[in-house]
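All remarks here apply to the structure that follows.
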Amino acid sequence: MKFQQKWWVVFVLLVALSLALVACGGTTEEAAPTEAAAEEAVPTEAAAVEEAAPTEEPAAAAPSGDKITLGLWTHSAGNPNELGVIEQWVTAFNEQSDKYQVVIESFPQESYNDSIAAASVAGSLPCIIDLDGPTVPNFAWSGYIQPLPLTDDDIAEIGLLDAAVGRYNGQVYSVGQFDVALLVYARKSILDQYGIRIPTIDEPWTKDEFQAALDTLKDSGEFEYAFDLNAGYTGEWWPYAYSPMLQSFGGDLINRDTYLEAEGVLNGPEALAWGEWFQNLFTGGYVPATPADDQGFLQGRIPLWYTGSWSATAVRDQYGDDALYLPPPDLGNGPVIGAGSWQMGVSTNCPADAVDGAFEFVRSTIQPENIAMMSKATSLIPTSLAAAELTDDYAEGGQFRMFFDFAKAFAKVRPQTPGYLTISSQFEQAGLSIRDGGNVQDALDDAVDNIEQDIADNNGFGFGG
């Protein structure tokens, strides 16, 4: 069983890049490897260790003068703004600590996944690592990271958004300092021209209102399509972007009470209604199924655009005060958006005399001042209200405050189970089939069967006693 867990973690980490792309707006169909392609590229356990091993041994608990050294691995080498903030965190921590010294090793994102995978299997992880949120439960189940000494009451007292907490089986394993939010971009002049109400966070469009808006915009004959969903993206974009619509209908990817079955939630009446509605967006001519690019809204060819807060600056620069940043529609059970980005945790490879220091450092990264520092440098959403109030963009009245409010009000974390990678790939396959005109019920039933088989093959992934 342990070999199976190690193999699975190697697979999870090799595809983690596609998960991380959510924070950058996904990727186009032509440029992105599919989940299947990623799976075909997984080497054997031995080969993964040999080929992907980092060139330097990770820092272990060793004296640095009178201090114990804590290694920290981050994927941020290619992002100078993000890495610069982490370096400031580390400098401040090292200056105030008499006992511990954090040492950073930064990797380009492309090689980080291979390095973490190899080190996980080889038992050479450093004390502190950053992880993409959806992978955290698998690391925990496989025994590569340890619970943080944080309870739900601690999280509530800190005021951290739920999306910024990596959990598995009732325990907290990681915490995050930033996130992004999904929304609908529009133009005030267009909505006013066609008599379409501008929705608010308190009064989002209902399903019927949204459909009426799509009908009006389509029937105007002024646009190529009424709505762009970025349906040409592949990989993690599908569950991140479209499972919230399923959840707004009342379905879900898995039964979150047990994490042991998808039957009835991914293929029940609510899920079927979502699938038929989703399919009609494409077959009814409202949404392009495979757009040539994601520039339709910015070029004025499509009046509504469903994507992430990462595009806000481009939209503002293009349309100025005419730009609208709207909540997603309420499709029956309230608006929902995807959630969860990079987070920090502590490995089980961390020596006993270093663990408390690693916990202390991770806890320091979610202080309001440190979260705000990251947001100011990267423009990403801060993960606590206290931190948001320390920024210009996300404080009350700030130009992007609505993104924080959307994340707080509507975000739903992707299922926190070690089986998420199978859930993700199966939902994508079902969604693609539905988009392309396949039988909705059959597509959802197939996804359920494969998800539940994976759960059975892995003895419930630690759920169910």
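The values are calculated or read from the model by the stated rules, or taken from the named source; none is laboratory data. Computed from a predicted model, the values in this text were never measured in an experiment. So basically every Cβ, Gly included, is an ideal-geometry build from the backbone, and we count neighbours across all protein chains shown. Just the protein is used for accessible areas: all its heavy atoms, side chains included, with ligands, DNA and RNA removed. Shrake-Rupley method; radii C 1.70, N 1.55, O 1.52, S 1.80 Å.
Which condition does Gly159 not pass, out of (1) on the phi < 0 side of the Ramachandran plot; (2) in contact with a Pro (Cβ under 9 Å, 6 or more places away or on another chain), if it passes all the others?
That leaves (1) as the condition not met.
With part of a loop (DSSP other than H, G, I, E, B), over 24 Å from Tyr259 (Cα atoms) and open to solvent by 20 Å² or more (accessible area, probe 1.4 Å) as the only criterion, which of Gly195, Gly143 stands out? If you could, list the steps in order and put the result at the bottom.
Numbers: Gly143 fails: over 24 Å from Tyr259 (Cα atoms).
From the options Gly195, Gly143, the qualifying one is Gly195.
Within region 149-165, count every residue that is of a type outside the set (A, V, I, L, M) and under 17 Å from Ile381 (Cβ atoms). Outline the logic, then answer.
First, pick out the residues of region 149-165 that are of a type outside the set (A, V, I, L, M): 149, 151-154, 157, 159, 162.
In the following step, the residues that additionally are under 17 Å from Ile381 (Cβ atoms) were identified as 159, 162.
Looking only at that region, the number is 2.
Each row is one residue, and each column tells you yes or no for (1) more than 16 Å from the chain's Cα centre (by Cα); (2) surrounded by fewer than 22 Cβ atoms within 10 Å (Cβ to Cβ); (3) closer than 23 Å to Trp205 by Cα.
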residue: Met374; (1), (2), (3): yes, no, no
residue: Pro382; (1), (2), (3): no, no, no
residue: Met402; (1), (2), (3): yes, yes, yes
residue: Phe410; (1), (2), (3): no, no, yes
residue: Pro418; (1), (2), (3): no, no, no
residue: Leu421; (1), (2), (3): no, no, no
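Based on what the data block shows, is Asp114 modelled with pLDDT of 95 or more and open to solvent by 50 Å² or more (accessible area, probe 1.4 Å)?
Values: modelled with pLDDT of 95 or more: no; open to solvent by 50 Å² or more (accessible area, probe 1.4 Å): yes.
Spelling it out, it is not the case that Asp114 is modelled with pLDDT of 95 or more and open to solvent by 50 Å² or more (accessible area, probe 1.4 Å).
Given the conditions (1) open to solvent by 20 Å² or more (accessible area, probe 1.4 Å); (2) of a type in the set (A, V, I, L, M); (3) in contact (Cβ under 8 Å) with a residue 24 or more places away in the chain; (4) closer than 28 Å to Asp356 by Cα, report the number of the one that Ala156 does not fulfil.
Here Ala156 meets the rest and fails (3).
Anything in region 394-413 that is touching a Pro at 6+ places or on another chain (Cβ under 9 Å) and of a type outside the set (Gly, Ala, Ser)? List them, or say none.
Tyr394, Met402, Phe404, Asp405, Phe406, Phe410, Lys412, Val413
Which numbered condition trips up Tyr394, out of (1) surrounded by fewer than 20 Cβ atoms within 10 Å (Cβ to Cβ); (2) in contact with a Phe, Trp or Tyr (Cβ under 8 Å, 6 or more places away or on another chain)?
Failed condition: (1).
Failed condition for Gly195, given (1) at positive phi; (2) within 21 Å of the chain's Cα centre (by Cα); (3) not hydroxyl-bearing (Ser, Thr, Tyr), with all others met?
Unmet condition: (2).
For region 233-276, how many residues are of a type in the set (Gly, Ala, Ser), open to solvent by 10 Å² or more (accessible area, probe 1.4 Å) and either part of a helix (DSSP H, G or I) or in contact (Cβ under 8 Å) with a residue 24 or more places away in the chain (or both)?
Qualifying residue count for the region: 2.
Out of the helices (runs of 4 or more DSSP H) lying entirely within region 396-465, which hold 2 or more residues that are without any contact (Cβ under 8 Å) to a residue 40 or more places away in the chain and among the charged types (D, E, K, R)? Don't jump to the end; show me each part of the working.
On the way: elements: 401-410, 420-435, 440-457.
Because the criterion is at least 2 residues that are without any contact (Cβ under 8 Å) to a residue 40 or more places away in the chain and among the charged types (D, E, K, R), the helices (runs of 4 or more DSSP H) in region 396-465 that meet it are 440-457.
How many residues are touching a Leu at 6+ places or on another chain (Cβ under 6 Å) and within 30 Å of Asp66 (Cβ to Cβ) if we restrict to region 98-115? Steps first, please.
Going through region 98-115, the residues touching a Leu at 6+ places or on another chain (Cβ under 6 Å) turn out to be 100, 102, 104, 106, 113.
Retained after the next criterion (residues that are within 30 Å of Asp66 (Cβ to Cβ)): 100, 102, 104, 106.
Total satisfying the criteria: 4.
Restricting the search to region 277-287, which residues are closer than 22 Å to Ala323 by Cβ and either assigned to a helix (DSSP H, G or I) or open to solvent by 10 Å² or more (accessible area, probe 1.4 Å) (or both)? Break it down into steps so the answer makes sense when it comes.
Initial filter on region 277-287 (closer than 22 Å to Ala323 by Cβ): 286-287.
If the condition is that a residue be closer than 22 Å to Ala323 by Cβ and either assigned to a helix (DSSP H, G or I) or open to solvent by 10 Å² or more (accessible area, probe 1.4 Å) (or both), then Tyr286 is the only one that fits.
Quickly run through region 357-414 and pick out the residues that are under 23 Å from Asp154 (Cβ atoms) and among the basic types (Lys, Arg).
Arg363, Lys408, Lys412, Arg414
Please find, within region 299-346, the residue that is surrounded by the fewest Cβ atoms within 10 Å (Cβ to Cβ) out of those that are touching a helix residue (DSSP H, G or I) at 6+ places or on another chain (Cβ under 6 Å) and β-branched (Val, Ile, Thr).
Val336
Please indicate, with yes or no, whether at least one residue in region 60-78 is closer than 15 Å to Ala377 by Cβ, open to solvent by 30 Å² or more (accessible area, probe 1.4 Å), out of contact with any strand residue (DSSP E or B) (no Cβ under 6 Å at 6 or more places or on another chain) and modelled with pLDDT under 95.
Yes, there is a match, as at least one residue in region 60-78 is closer than 15 Å to Ala377 by Cβ, open to solvent by 30 Å² or more (accessible area, probe 1.4 Å), out of contact with any strand residue (DSSP E or B) (no Cβ under 6 Å at 6 or more places or on another chain) and modelled with pLDDT under 95.
All but one of (1) touching a residue at least 40 places away in the same chain (Cβ under 8 Å); (2) open to solvent by 50 Å² or more (accessible area, probe 1.4 Å) hold for Gly176; which doesn't?
So Gly176 meets the others, but not (2).
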